[in-house]
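Read through the structure below, which is laid out as structure tokens, and then see the notes.
The values are calculated or read from the model by the stated rules, or taken from the named source; none is laboratory data. What you see is a predicted model, and the numbers here were worked out from it, not measured in a lab. Cβ coordinates were reconstructed from backbone atoms using ideal geometry, including for glycine residues, and neighbour counts include every protein chain displayed.
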Amino acid sequence: MDVNGFSDLDLSHHVLKDLEYHGLEKPLPIQDQAIPLLLSGKDLIAEAKTGSGKTLAFAIPIIEKIDCERRDVQALIVTPTRELANQVAGEIKKVGYKKGVRTAAFYGGKSVGGNVQILKKGIHVVVGTPGRLMDLIDRRVLRLDRVNMLVIDEADRMLDMGFIDDIRKIISHVPRERQTMLFSATIPERIRALAGSVMNNPEVISVSSEDLTVKEIDQCYYEIPQKQKLDAFIRIVKNEQPSSAIIFCNTKRWTDTLNNLMNKRGFRCNALHGDLSQNQRDRVMEDFRKKKFTFLVATDVAARGLDIDDVSHIFNYDIPKDPDSYVHRIGRTARAGKRGKAISLISSSEIRSLWDIESRCRTSIQQVQL
Ligand code: ADP
Ligand code: MG
């Protein structure tokens with residue numbers, strides 16, 4: 001079927017109105033493929049590149065299927081980070097506004113009492129991080145026995161070692177009679193196999209084809225001895241003059257240190273990592289979205305799923321050890337068809353990781369000289 005606009009998909013008047021209100025006219029390819037499948041009730045594993053519109057691909061069918069007459073939780077969406085939970089809940093609120101879908105994001109660092117108050121209003125869609133969801137389930141304030149739609153966003157991350165036990169526990173509280181959806185830009189084979197055990201004969205969509213990274217991202221690297229990285233980095237940043245950039249570091253400690261060093265040198269920047277208070281994290285994200293400062297120095301807490309308008313540059317001050325992290329980090333730029341630049345600083349001990357990335361992404365990253 002050749003779909004032109006959202007109105008060619010079988011969507012309700014309210015949802016079409018909200019989409020139109022937010023300037024969303026044509027479904028992106030993953031939405032075009034996933035929405036009809038999900039409306040028909042199928043389980044789905046969907047792999048589509050960073051920034052390709054996966055959120056609405058699951059959000060629209062969920063909104064369509066919510067019964068607003070009821071007061072119980074009908075859809076559960078699990079995300080790896082607090083920031084992503086907020087963002088996904090925000091998208092659902094936008095497109096489910098006219099229909100009256102009530103959505104909430106629950107994650108650590110906020111009071112459980114507040115979550116309880118919100119749940120009393122009769123929430124239809126819960127978006128949350130595993131730790132807090134487990135907590136709310138254990139306290140018996142979050143009941144999932146009426147949930148019939150379950151989404152695991154950034155599925156490979158969530159089904160990987162660190163989270164898998166929590167996810168299994170959460171799933172055990174959701175009725176078997178449900179629709180299960182897995183989304184990510186990278187879904188390795190071993191994760192697909194694992195996913196099969198929590199799904200019912202899933203359809204698989206893979207829009208990612210050969211290369212994993214988005215072609216609108218201009219990627220390059222500099223080879224720099226570790227001791228000279230800071231000076232080299234400052235020079236590169238001055239050359240590039242990003243309008244908005246995320247700088248990824250591998251440790252919380254270096255994230256703080258680099259943030260301080262850059263502040264001293266007059267750059268407008270802030271740090272984001274898991275040791276900050278939730279209020280600090282929220283404020284930093286809000287200010288970064290509003291372009292109140294230019295450089296966000298972050299750990300991988302900012303690597304997954306975040307959709308921030310017009311991030312022009314991604315810097316890997318350290319290269320991630322896991323090649324898929326690289327794909328997600330650089331995917332914070334060049335979203336929804338825009339362009340962006342990804343620059344990595346590689347010391348001699350990191351060359352091996354670079355090769356791993358190039359082979360996993362089936363791309364060659366161009367070396368440039370300072
Ligand atoms: P992904 O989860 O695939 O990384 P997102 O769902 O975060 O991507 O979407 C990326 C960006 O694309 C968001 O800014 C979103 O508002 C925008 N977007 C989504 N669907 C459409 C559409 N149909 N038309 C235009 N922009 C869209
Ligand atoms: Mg996403």
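Just a yes or no: is a residue in region 268-279 of a type in the set (D, E, K, R) and over 15 Å from the mean Cα position of the chain (by Cα)?
Taking every residue of region 268-279 in turn, at least one turns out to be of a type in the set (D, E, K, R) and over 15 Å from the mean Cα position of the chain (by Cα).
Residues of region 123-178 being within 16 Å of ligand 2 (Cβ to nearest atom), out of contact with any Gly (no Cβ under 7 Å at 6 or more places or on another chain) and among the acidic types (Asp, Glu), which ones?
Asp156
Is it fair to say Arg362 is of a type outside the set (A, V, I, L, M, F, W, C), away from ligand 2 (no atom under 16 Å from the Cβ) and on the phi > 0 side of the Ramachandran plot? Step through it out loud before you land on a result.
Numbers: of a type outside the set (A, V, I, L, M, F, W, C): yes; away from ligand 2 (no atom under 16 Å from the Cβ): yes; on the phi > 0 side of the Ramachandran plot: yes.
Considered against the rule, which asks whether it is of a type outside the set (A, V, I, L, M, F, W, C), away from ligand 2 (no atom under 16 Å from the Cβ) and on the phi > 0 side of the Ramachandran plot, Arg362 comes out as yes.
With surrounded by 24 or more Cβ atoms within 10 Å (Cβ to Cβ), assigned by TED's automatic domain parsing to the domain that holds Phe233, closer than 27 Å to Gly53 by Cβ and of a type in the set (D, E, K, R) as the only criterion, which of Arg289, Arg335, Arg304 stands out? Even if it seems obvious, please write down each step before you answer.
Values: Arg289 fails: surrounded by 24 or more Cβ atoms within 10 Å (Cβ to Cβ); Arg335 fails: surrounded by 24 or more Cβ atoms within 10 Å (Cβ to Cβ).
That would be Arg304, the only listed residue that is surrounded by 24 or more Cβ atoms within 10 Å (Cβ to Cβ), assigned by TED's automatic domain parsing to the domain that holds Phe233, closer than 27 Å to Gly53 by Cβ and of a type in the set (D, E, K, R).
Exactly one condition in (1) more than 16 Å from ligand 2 (Cβ to nearest atom); (2) under 17 Å from the mean Cα position of the chain (by Cα); (3) free of Cβ contacts under 8 Å to residues at least 40 places away in the same chain; (4) closer than 23 Å to Val237 by Cα is not met by Pro323; state its number.
Among (1) more than 16 Å from ligand 2 (Cβ to nearest atom); (2) under 17 Å from the mean Cα position of the chain (by Cα); (3) free of Cβ contacts under 8 Å to residues at least 40 places away in the same chain; (4) closer than 23 Å to Val237 by Cα, the lone unmet condition for Pro323 is (4).
Go through region 16-40 and report how many residues are under 24 Å from Val204 (Cβ atoms), part of a helix (DSSP H, G or I) and more than 16 Å from ligand 2 (Cβ to nearest atom).
Residues flagged as under 24 Å from Val204 (Cβ atoms), part of a helix (DSSP H, G or I) and more than 16 Å from ligand 2 (Cβ to nearest atom) within region 16-40 amount to 4.
Consider only pairs whose beta carbons are under 6 Å apart and that are at least six residues apart or on different chains; among these, list those whose first residue lies in region 182-202 and is more than 24 Å from Ile357 (Cβ to Cβ) and away from ligand 2 (no atom under 16 Å from the Cβ) and whose second residue is among the hydrophobic types (A, V, I, L, M, F, W, C) and assigned to a helix (DSSP H, G or I).
Short answer, once both residue conditions are applied: Val198/Ile171.
Tell me, please, whether a residue that is free of Cβ contacts under 8 Å to residues at least 24 places away in the same chain, crowded, with 16+ Cβ neighbours inside 10 Å, in a helix (DSSP H, G or I) and not charged (D, E, K, R) can be found in region 257-268.
Step one: filter region 257-268 for residues free of Cβ contacts under 8 Å to residues at least 24 places away in the same chain, giving 257, 260, 263-264, 266.
If we keep only those that are crowded, with 16+ Cβ neighbours inside 10 Å too, we end up with 263.
Then drop every residue that is not in a helix (DSSP H, G or I), which leaves 263.
Remaining after also requiring not charged (D, E, K, R): 263.
Yes, because at least one residue in region 257-268 is free of Cβ contacts under 8 Å to residues at least 24 places away in the same chain, crowded, with 16+ Cβ neighbours inside 10 Å, in a helix (DSSP H, G or I) and not charged (D, E, K, R).
Has region 94-107 got at least one residue that is out of contact with any His (no Cβ under 7 Å at 6 or more places or on another chain), in contact (Cβ under 8 Å) with a residue 40 or more places away in the chain and within 15 Å of ligand 2 (Cβ to nearest atom)?
Yes.
Which residues, taken from region 284-319, are under 17 Å from the mean Cα position of the chain (by Cα), assigned to a loop (DSSP other than H, G, I, E, B) and away from ligand 1 (no atom under 16 Å from the Cβ)?
Correct list: Thr299 only.
Just a yes or no: is a residue in region 58-75 within 22 Å of Arg146 (Cα to Cα), more than 10 Å from ligand 1 (Cβ to nearest atom) and of a type in the set (S, T, N, Q)?
Yes, there is a match, as at least one residue in region 58-75 is within 22 Å of Arg146 (Cα to Cα), more than 10 Å from ligand 1 (Cβ to nearest atom) and of a type in the set (S, T, N, Q).
Within region 111-158, take every residue that is touching a residue at least 24 places away in the same chain (Cβ under 8 Å) and basic (Lys, Arg) and give me the one that is surrounded by the most Cβ atoms within 10 Å (Cβ to Cβ).
Once the filter is applied, the top-ranked residue is Arg157.
Check Asp2, Asp72, Asp10 and return the single one that is surrounded by fewer than 20 Cβ atoms within 10 Å (Cβ to Cβ), outside any helix (DSSP H, G or I), more than 20 Å from the chain's Cα centre (by Cα) and at pLDDT 95 or above. Give the derivation first.
Values: Asp2 fails: at pLDDT 95 or above; Asp10 fails: at pLDDT 95 or above.
The unique qualifying residue is Asp72.
Please count how many residues of region 105-134 are in contact with a strand residue (DSSP E or B) (Cβ under 6 Å, 6 or more places away or on another chain) and of a type in the set (Gly, Ala, Ser).
2
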